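In what follows, a single structure is set out as structure tokens and then discussed.
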Amino acid sequence: MGLDFSIVPKYLDILLLGVAWTVGITLAAALLSFVGGILFALVALYGPWLLRQPFRLVSWVFMGTPLLLQLFLIYFGLVQIGIDLPAFVAGSIGLGLHFAVYNSELIQAAILAVDRGQMEAARTLGLSRGQALRKVVVPQAVRAVIPPIGNNMIALLKDSALVSVIGVSELTLSAQRVIGKTYRPFEFYLAAAAFYYVINLCMEWVQRKIERRISVSR
Amino acid sequence: MAQNQPFVDIRHAQKSFGKVEVLKDISLTVERGQIVGIIGSSGSGKSTLLRAINDLDPLSGGEIWLDGVQVNKKLPHRQYEAHINALRQQVGMVFQHFNLFPHLSVRDNVTMAPMLLKNLSRAEANRLAEEQLDHVGMLERIEYYPSQLSGGQKQRVAIARALAMKPKLMLFDEATSALDPELVEEVNLVMKKLAEQHMTMIIVTHEMDFAASVCDRVLFMDKGVVVEEGPPQVIFKNPTQPRTREFLRKHIEGAS
Ligand SMILES: Nc1ncnc2c1ncn2[C@@H]1O[C@H](COP(=O)(O)OP(=O)(O)O)[C@@H](O)[C@H]1O
Ligand SMILES: [Mg+2]
């Protein structure tokens with residue numbers, strides 16, 4: 001049986017729906033990982049001891065165990081204690097928190113790298129520590145970590161394929177389903193790869209846009 | 001009490017970093033509108049003394065009073081923070097390395113604190129920023145970012161940023177030490193202008209000529225103590241203490 005890509009357009013609607021789910025879950029998880037990353041970083045650096053300890057445990061769980069297990073835990077495990085999340089939500093939370101922990105490491109390092117004089121200048125004007133962090137230190141730290149966070153977001157896109165195991169019909173699962181009907185794995189896995197590549201390009205384009213916008217202010 | 005108490009009143013200030021005593025029983029008063037210069041070699045405690053006044057480096061002992069209010073009074077943590085934040089709004093500080101906020105435009109560097117702390121509207125804050133930047137000759141650069149400015153321009157913006165809070169005391173910690181020689185004058189001019197407007201200022205500097213021309217009084221510090229203080233004519237022309245003479249002699253040699 002030779003290769004025949006002319007079959008791909010026939011199933012384009014299913015694939016595109018997969019793309020939509022992949023983009024959706026990647027965006028939701030990316031947003032959560034970004035906001036969560038900042039919060040985790042602030043707690044780790046400035047939080048009271050009582051708050052820092054549970055956060056360390058959460059960090060360890062998300063860095064030290066497979067993402068697959070985390071997704072199972074959130075989707076199937078939480079049901080047992082009465083939290084029944086839709087697959088998309090569970091997947092976004094799992095992916096988002098997983099990458100929030102990695103982003104938090106980057107942001108912590110960036111916060112510590114902001115010149116001490118910045119905090120001092122802000123405090124001297126009368127800002128509280130919280131105001132100084134919010135207005136002066138964190139914005140600079142976030143600017144500094146845009147490139148490495150961008151890399152994390154590409155990794156997030158790739159790992160979003162894992163949410164197929166909890167039944168989110170994202171791109172990889174959609175491709176699999178089409179293959180189940182057509183028995184043409186090569187064509188459809190390649191088609192899926194092409195879509196991932198395009199999404200990747202879009203993400204890089206957005207990242208470059210953001211970097212260009214903030215480049216004067218560095 | 002505030003009537004006959006000096007505007008800035010430092011009483012027996014003492015500060016240790018670990019086992020190292022950096023300020024040893026320093027007392028100093030500054031009257032409203034006075035300009036006091038502090039000179040002394042590196043490591044003598046000048047910055048620490050200045051930074052104690054707005055509590056950036058809290059004292060280990062002694063008292064600091066500003067306009068009848070004790071800066072370092074004993075208060076529960078939260079109240080102390082509120083007290084210090086309110087007090088710092090009245091004390092402008094200018095640093096050797098400018099410490100402008102690099103992610104904000106010149107305009108936003110100046111407007112941030114007034115908008116945040118005094119609840120000025122955007123429009124009011126803009127007007128204030130334009131006024132202050134005009135004052136230091138930086139109005140044309142209002143939309144620039146710090147990375148696009150020279151050192152002298154940065155420092156003038158930093159001064160405008162401090163002045164926008166309408167402080168009643170200005171602290172300068174070697175404001176021109178990081179500048180290329182040709183950029184020193186533009187900053188000195190701004191400070192002179194402030195002096196003419198009777199701003200109360202405490203100026204740590206290595207520029208003896210400048211200190212002599214604007215200061216009402218000059219202090220010479222060495223190893224955590226004020227060795228000698230007096231009018232600039234006396235300190236620079238007829239110092240009584242051998243250590244002062246030594247410092248000035250070395251300084252003139254070093255400068256030429
Ligand atoms: N945060 C600090 N921790 C420990 N030692 C410090 C600190 N700040 C200043 N010192 C020490 O205090 C002394 C006085 O410093 P400083 O006030 O900066 O002097 P100056 O401004 O006159 O050069 C120096 O010996 C310096 O090393
Ligand atoms: Mg110093």
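According to the square roots a ≥ b ≥ c of the eigenvalues of the Cα gyration tensor, what is the shape class of chain B, taking rounded for a/c under 1.5, prolate for a/b larger than b/c otherwise, and oblate for the remainder?
Oblate, since a/c reaches 1.5 and b/c is not below a/b.
Nearest-5 percent of antiparallel DSSP beta bridges in the protein assembly as shown?
Rounded to the nearest five, the antiparallel share is 55 percent.
Hey, what do the phi angles of the range B:138-152 turn into as Karplus ³J(HN,Hα) couplings, whole Hz, using 6.51/-1.76/1.60 and θ = phi - 60°, x for Gly and Pro?
Karplus values, whole Hz, x for Gly and Pro: 10, 4, 5, 9, 4, 8, 6, 9, x, 5, 9, 10, 6, x, x.
On a full-extension model of 0.36 nm per residue, what is the gain between A:LYS209 and A:LEU31, subtracting their alpha-carbon distance, rounded to one decimal in nm?
Extra length available between A:LYS209 and A:LEU31 comes to 62.4 nm.
Rounded to the nearest 10 Å², what accessible area does B:TYR144 have for a 1.4 Å probe in the complete protein model?
Spelled out: B:TYR144, probe radius 1.4 Å, area about 80 Å².
Taking every DSSP beta bridge that has both residues in chain B, what percent is antiparallel when rounded to the nearest 5?
55 percent
Can you sort B:THR111, A:THR65 by solvent-accessible area, 1.4 Å probe, largest first?
Ranked list, largest accessible area first: A:THR65, B:THR111.
Taking only Cα atoms, what is the 0 to 90° angle, nearest 10, from helix A:185-215's long axis to the longest principal axis of chain A?
The helix A:185-215 is inclined about 20 degrees to chain A.
Below 12 angstrom from the Cβ of A:ARG123, what's the summed charge of the other residues (Lys, Arg +1; Asp, Glu -1)?
So the environment of A:ARG123 carries a net charge of +1.
Eigenvalues of the Cα gyration tensor times 5, then square-rooted: what semi-axes does that give for the protein assembly as shown, in whole angstrom, largest first?
60, 24, 19
As a test of reading the structure, rank A:PHE55, B:PHE101, A:PHE40, B:PHE17 by solvent-accessible area (1.4 Å probe, protein chains only), most first.
B:PHE17, A:PHE55, A:PHE40, B:PHE101
For the range A:5-217, what is the relative contact order in percent, using Cα pairs closer than 8 Å and at least 6 residues apart in sequence?
After rounding, I find 31 percent.
How far apart, in nm, are two points set 7 Å out from the Cα along the Cα-to-Cβ line at B:ASN119 and at B:GLU81?
Going by the 7 Å Cα→Cβ label model, 2.1 nm.
When the helix-only estimate is applied to the protein assembly as shown (DSSP H runs of n ≥ 4, each -39,500 (n - 2.57), divided by the residue count), what is the mean residue ellipticity at 222 nm, nearest 500 deg cm²/dmol?
So the calculated ellipticity at 222 nm is -18000 deg cm²/dmol.
How far is helix A:116-125 tilted, in degrees, relative to the longest principal axis of the Cα atoms in chain A, given as a value from 0 to 90 rounded to the nearest 10?
Orientation of helix A:116-125: about 60 degrees from the principal axis.
Using a 1.4 Å probe on the protein chains only, how many percent of the accessible area of the protein assembly as shown belongs to carbon and sulfur?
The C+S portion of the solvent-accessible surface of the protein assembly as shown is 59 percent.
For helix A:138-159, report the angle its Cα long axis makes with the longest principal axis of the Cα atoms of chain A; keep it between 0 and 90° and round to the nearest 10°.
Taking the Cα atoms of chain A, the angle to A:138-159 is about 20 degrees.
Rounded, prolate or oblate for chain A? Axes are the square roots of the Cα gyration tensor eigenvalues, ordered a ≥ b ≥ c, and the cut-off for rounded is a/c under 1.5.
Oblate, since a/c reaches 1.5 and b/c is not below a/b.
Using 0.36 nm per residue, how much length does the chain from B:TYR144 to B:GLU196 gain when fully extended, once their Cα-Cα distance is taken away?
So the extension gain works out to 15.9 nm.
Checking the table B:LYS73/B:LYS154; B:LYS73/B:LYS118; B:LYS118/B:LYS193; B:LYS15/B:LYS168; B:LYS73/B:LYS223; B:LYS192/B:LYS237 against a 31 Å threshold on Cα-Cα, which pairs fail?
Violating the 31 Å Cα-Cα cut-off are B:LYS73/B:LYS154.
Could you please report the charge total around B:GLU31, scoring K, R as +1 and D, E as -1 over all other residues with beta-carbon less than 12 angstrom from its beta-carbon?
Summing Lys and Arg as +1 and Asp and Glu as -1 gives -1.
What's the average, rounded to a whole number, of partner chain beta-carbon atoms within 10 Å of each residue's beta-carbon in B:104-116?
3
Let me check I've understood the local charge: for B:LYS223, count other residues with C-beta under 14 angstrom from its C-beta, Lys and Arg +1, Asp and Glu -1. What total comes out?
-1
Do you know which residues of the range B:74-97 lose at least 20 square angstrom of accessible area in the protein assembly compared with their chain on its own, with a 1.4 angstrom probe?
B:GLU81, B:ASN85, B:ARG88, B:PHE95
Set Lys and Arg Cβ to +1 and Asp and Glu Cβ to -1, take the dipole of the range B:59-177 about its Cα centre, and tell me which of B:MET115, B:PHE172, B:GLN79 lies farthest positive.
Farthest along the dipole direction, towards plus: B:GLN79.
Whole-Å semi-axes of the range B:1-54's equivalent ellipsoid, largest first, each the root of 5 times a Cα gyration tensor eigenvalue?
Over the Cα atoms of the range B:1-54, the semi-axes work out to 23, 14, 8 Å.
The values are calculated or read from the model by the stated rules, or taken from the named source; none is laboratory data. Nothing here was measured: the structure is a model prediction, and the numbers come from that model. Because the Cβ atoms are built from the backbone with ideal geometry, glycine has one as well, and the counts that use them run over all protein chains shown. Side chains included, ligands, DNA and RNA excluded: accessible areas come from the protein's heavy atoms. Shrake-Rupley method; radii C 1.70, N 1.55, O 1.52, S 1.80 Å.
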